[in-house]
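Written below as structure tokens is the structure these notes are about.
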Amino acid sequence: MSVNVGAAVSDERLLGVGVDGAPGGWLAACCFGGCDASPEGRRSEPRFFGSIAELADWRAGQPGGGWAPVAIDIPIGLPETVSFRACDQQARDRLGKRLNSVFHPPARYLLVAAEPVDGNPPTAKQVFARVQQLVAEQKQAAKRAAGNAATSSNPVAKVLGLSQQGAGLLLKVAEVDAFLLGSDSDSDAGQAERQAQRQEWLFEVHPELCFAALTGGTVLPPKPTAHGQLLRLDLVRHEFPDAEQRIRGWDDGARHSLLDICDAYAACWSALRWAQTDAGAVGKRAWVTPPLEVLGEEAPGRPSVERRTGLPMRMVV
């Protein structure tokens, strides 16, 4: 298929963005378009951002950017201990044999492990060591609490740790968490308003669920396999006909994984669905095919929320 990847038309606006973590920052698949919402009427653009704040500033400067949703593959809304949230468990149930692609999100108390060391961001190795120490302290505290209980029959509270891979993601989790809570500013002025606005347009997805929805419910083969990689690229090209040419012409494409870029495009597909259903309004979820779903809801339109922060704990598909 020949696709025009020339200059943007004057009436197009930013429709949605999908984001996936990458070394040193975030990969984004951005979608622009006008009144025609069909794949052929859209223009895609892969980009790299050094931080979520940088992405937010760029989004705000685009035509229509103030309304464009951003779907990101990172946990939002954290449990008290390292455990699966309701949306995580539902995602794992759907993925079947691929359930291990859904990791334990970090507990909120572990975010301290991502704080700067001597004024510099900690390395993944430092984060992992600090997480291990925090989990050990938590386990000791749980044992002491059990020992002080009225009866010795009370079981010791189970305290799970994080895998090294999970610890490596902690820096990005902490970055998004701080951004959503408005704690990226030295001033508290307008913090509540910032929180509300950011939580309206930035939400969590899982690319494997996005791809499964694109196939009508079939979970794709693992990423390392040839068939898994080809199927992901085929699905991206179907929804974003210019994607391959855009990626080939993107200078940064020489230093990023094609699979990670495909994940960003899959997330972008969910962002477009969120926009087309007025931010997932319950009565409008059937407007898209397949119908939009939100995992982790206690009732339609009412997601589980983190008790301490009020952040929604959900995954949009």
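The values are calculated or read from the model by the stated rules, or taken from the named source; none is laboratory data. Bear in mind that the values here come from a model prediction, so they are computed numbers and not experimental data. No Cβ is skipped: glycine too gets one built from the backbone with ideal geometry, and neighbour counts run over all protein chains shown.
Take the conditions surrounded by fewer than 17 Cβ atoms within 10 Å (Cβ to Cβ), within 23 Å of L181 (Cβ to Cβ) and either basic (K, R) or in contact (Cβ under 8 Å) with a residue 24 or more places away in the chain (or both) and apply them to P116. Does it pass?
When the stated conditions are applied, P116 does not pass them.
Restricting the search to the stretch 76-122, which residues are over 17 Å from the mean Cα position of the chain (by Cα), among the acidic types (D, E) and under 14 Å from E306 (Cβ atoms)?
E80 - this is the single residue of the stretch 76-122 that is over 17 Å from the mean Cα position of the chain (by Cα), among the acidic types (D, E) and under 14 Å from E306 (Cβ atoms).
Please tell me if G161 is at pLDDT below 90, part of a helix (DSSP H, G or I) and not aliphatic (A, V, I, L, M).
Against the criterion (at pLDDT below 90, part of a helix (DSSP H, G or I) and not aliphatic (A, V, I, L, M)), G161 does not qualify.
Mind checking whether some residue in the stretch 218-231 is touching an Asp or Glu at 6+ places or on another chain (Cβ under 9 Å) and part of a helix (DSSP H, G or I)?
No.
Among the residues of the stretch 62-87, count how many are at positive phi and at pLDDT below 95.
1
If you go through the stretch 14-48, how many residues are buried (at least 20 other Cβ atoms within 10 Å of the Cβ) and under 15 Å from the mean Cα position of the chain (by Cα)?
The number of residues fulfilling the criteria is 12.
Between L214, L202, which is under 17 Å from I72 (Cβ atoms), modelled with pLDDT of 95 or more and not charged (D, E, K, R)?
L202
List, please: which pairs have Cβ atoms under 8 Å, are six or more places apart or on different chains, and start with a residue in the stretch 290-305 that is farther than 17 Å from R85 by Cα and end with one that is assigned to a loop (DSSP other than H, G, I, E, B) and of a type in the set (S, T, Y)?
Listed pairs, sorted by first residue: L292/T277.
What do you reckon, is R92 touching a helix residue (DSSP H, G or I) at 6+ places or on another chain (Cβ under 8 Å) and under 22 Å from R246 (Cα atoms)?
So R92 fails the test.
Going through the stretch 22-78 one residue at a time, which ones are without any contact (Cβ under 8 Å) to a residue 60 or more places away in the chain, aliphatic (A, V, I, L, M) and in contact with a strand residue (DSSP E or B) (Cβ under 6 Å, 6 or more places away or on another chain)?
Selection gives L55 alone.
Regarding D260, is this residue charged (D, E, K, R), under 14 Å from I72 (Cα atoms) and surrounded by fewer than 21 Cβ atoms within 10 Å (Cβ to Cβ)?
So D260 passes the test.
Kindly indicate the residue of the stretch 232-271 that is of a type in the set (G, A, S) and not in a helix (DSSP H, G or I) and also modelled with the lowest pLDDT among those meeting that condition.
Across the stretch 232-271, the extreme among qualifying residues is S257.
Of all residues in the stretch 65-120, how many are of a type in the set (A, V, I, L, M) and part of a helix (DSSP H, G or I)?
9
A142 - would you say it is buried (at least 16 other Cβ atoms within 10 Å of the Cβ), over 26 Å from the mean Cα position of the chain (by Cα) and at pLDDT 75 or above?
yes
Against the condition over 19 Å from G253 (Cβ atoms), among the acidic types (D, E) and at pLDDT below 95, how does D36 come out, does it pass?
Judged against the criteria, D36 is a match.
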